[in-house]
1. Note down all Cβ pairs under 6 Å where the first residue falls in the range A:54-65 and is part of a loop (DSSP other than H, G, I, E, B), the second is surrounded by fewer than 20 Cβ atoms within 10 Å (Cβ to Cβ) and among the β-branched types (V, I, T), and they're at least six residues apart or on different chains.
2. Pull out all pairs, ordered by first then second residue, where Cβ-Cβ is under 9 Å, the residues are six or more apart or on different chains, the first lies in the range B:83-95 and is on the phi > 0 side of the Ramachandran plot, and the second is polar (S, T, N, Q) and in a loop (DSSP other than H, G, I, E, B).
3. From the list B:A27, B:A31, pick out the single residue that is at pLDDT 95 or above and within 14 Å of chain A (Cβ to nearest Cβ).
4. Out of curiosity, is B:V1 within 19 Å of B:G130 (Cβ to Cβ), aliphatic (A, V, I, L, M), in contact (Cβ under 8 Å) with a residue 60 or more places away in the chain and surrounded by fewer than 19 Cβ atoms within 10 Å (Cβ to Cβ)?
5. When you scan the range B:66-89, do you find a residue that is surrounded by fewer than 21 Cβ atoms within 10 Å (Cβ to Cβ), in a loop (DSSP other than H, G, I, E, B), within 20 Å of the chain's Cα centre (by Cα) and modelled with pLDDT of 95 or more, even just one?
6. Could you check the range B:74-117 and list, in sequence order, the residues that are more than 11 Å from chain A (Cβ to nearest Cβ) and either out of contact with any helix residue (DSSP H, G or I) (no Cβ under 9 Å at 6 or more places or on another chain) or of a type in the set (D, E, K, R) (or both)?
7. For the list (1) more than 11 Å from every other protein chain (Cβ to nearest Cβ); (2) assigned to a loop (DSSP other than H, G, I, E, B), I need the number of the one condition that B:S120 fails.
8. For residues that are assigned to a loop (DSSP other than H, G, I, E, B) and under 16 Å from B:D57 (Cα atoms), tally how many sit in the range B:97-108.
Amino acid sequence: GSVQGQDPGERPLELKEVFALFQAQYNRSYPSAAEHARRLAIFARNLERAQQLQEEALGTAEFGVTPFSDLTEEEFGQLYGHRTAAAGPPQVNAKAVAEEWGTP
Amino acid sequence: VPLSCNWTKAGVISPIREQKQCKCCWAMAAADNIEALWAIGYQRKVSVSVQELLDCDRCGNGCQGGFVWDAFYTVLNNSGLASEHDYPFKGDRQAHRCRAREHRKVAWIEDFVMLPRNESNMASYLATHGPITVTINMKLLQLYTGGVIMATASECDPRMVDHVVLLVGFGKGSGRAATALRPRPRQSRPYWLLKNSWGDKWGEKGYFRLHRGSNTCGIKKFPLTALLHKPKRHSCP
């Protein structure tokens, strides 16, 4: 697919170049070469996943490179997901009362 | 229910927030909800403190996650919220002492309510009262860049909701131009417009759209909103 920032007519960007663009765009750096390689592999898997989601999409949604493209699905869930609520809010009747200093 | 509604056009939606690596979507969505309702109901643009919601939450978990109803409880218990300016967002994972009593309140609520789990009712309430918070399954948002997400329950389980966002409008259409990969935009579909808290570089300038009418990603599971003093109807542009 087309990559943001790529001029039409030029050769397709290689994975490492796309990853370098991602790092620059989202200000990502990694503490070691091993971690860089690991994140590059995750990034590549996510590009594949985005393409698959795009092909299978029922709506008009588009999927591609995002600030979270160097995270696994599990990491993304752990970092950004909150606790899953099974039951919902407890049944209470809460009412605000006026404070001593006069504001509602 | 009008054909479309978009509260961003009324200038009542505060700028997109960025939660960074703090699991505070629940607090940010509650703050967004209160700010929008104050702008609609009182014509007052306020920016309330998310950090106060994190520090003073009854569970005391700060950035470890929470529920939107806990955020509303905190607002009720503290008789309002301080301003973002006075009590700024830190975005770190440390627990901080609640400093609610040290600052002047700039916004408060009368109560909060969970709306009926019905997308038509949600649209009606949204159009006449203002934005509401919803909790969704965020799985498909990781690699989302734009357009309307429509997913089956197996692709995005509506029972496993784990992310709170603000519902700010609805409409119909694809909203995407033809591309090389997709020469003709797919059929026009009804959608919800939602405000996220992952910065304005994500999605459609910080917003995203979900298909309306099919409980996509569990959108109708927990529709909650704060209530202000005046029970007045408003008109969504």
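1. Every condition considered, the pairs that remain are A:G64/B:T145.
2. Qualifying pairs under 9 Å: B:G91/B:Q19; B:G91/B:Q21.
3. Among B:A27, B:A31, only B:A27 is at pLDDT 95 or above and within 14 Å of chain A (Cβ to nearest Cβ).
4. yes
5. Checked the range B:66-89: at least one residue is surrounded by fewer than 21 Cβ atoms within 10 Å (Cβ to Cβ), in a loop (DSSP other than H, G, I, E, B), within 20 Å of the chain's Cα centre (by Cα) and modelled with pLDDT of 95 or more.
6. B:S83, B:E84, B:H85, B:D86, B:K90, B:D92, B:R97, B:R99, B:E102
7. (2)
8. Adding up the residues that qualify gives 4.
The values are calculated or read from the model by the stated rules, or taken from the named source; none is laboratory data. Since we're looking at a predicted model, the values are computed, not measured. Neighbour counts are summed over all protein chains in view; Cβ atoms, including those assigned to glycine, are modelled from backbone coordinates with ideal geometry.
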